[in-house]
1. Please specify each residue of region 17-43 satisfying the condition of being surrounded by fewer than 23 Cβ atoms within 10 Å (Cβ to Cβ) and either acidic (Asp, Glu) or in contact (Cβ under 8 Å) with a residue 40 or more places away in the chain (or both).
2. Anything in region 1-30 that is under 19 Å from residue 102 (Cα atoms) and part of a helix (DSSP H, G or I)? List them, or say none.
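Coordinate-derived values only; no laboratory data. Everything quoted here is computed from the prediction, not taken from an experiment. Cβ sites come from the backbone with ideal geometry, for glycine too, and all protein chains shown count toward neighbours.
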Amino acid sequence: MTDTFHEFVVQRSPALSRTAYLLTGDHQLAEDLLQTALASSYRHWRRIHDGDPEAYVRRVMYHQQVSWWRRRRPSERLESQPPEVAKDDHSEATALRLSVVAALRQLTPRQRAVVVLRFYEDLTEAQVAAALGCSVGTVKRHSHDAVRRLRAIAPELVEATVERSPR
């Protein structure tokens, strides 16, 4: 049992860590979130390892993040400009990344989870619904609302998407 869990952690931690970061918007909180989810998953490993353990861990991360969010409402201050400019000119990519993170922070936790799982993790609506324990219709509604809100609060992301798409 321990060997299969260790193998799972080694193989899937990078992807799960990125998902945790997108859910929290903070590297340290993402590490804590992933560690908490993996600890919980380890306790249930015998039951989940034959199914889809990655979906289980993502679901645990989502529920844990919502729980943390409900307990404490962080006072975040969003900056309009990055605090420093890198020597190499990665400013456009950095600005875009900061815009994405800032925009995601303005979504509700459920909308953020749907956007991350649906568009970043590239899960189907049915897989997102299973991961979040809701219906496909709920996923569609949250996805629609989140995309509409993102377009309103961060129009520069729409422009960046259009500029980067192949023609």
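1. Within region 17-43, 18, 22, 25, 26, 31, 32 meet the criteria.
2. Keep residues of region 1-30 that are under 19 Å from residue 102 (Cα atoms), which gives 17-30.
Residues satisfying the conditions are 17, 18, 19, 20, 21, 22, 23, 24, 27, 28, 29, 30.
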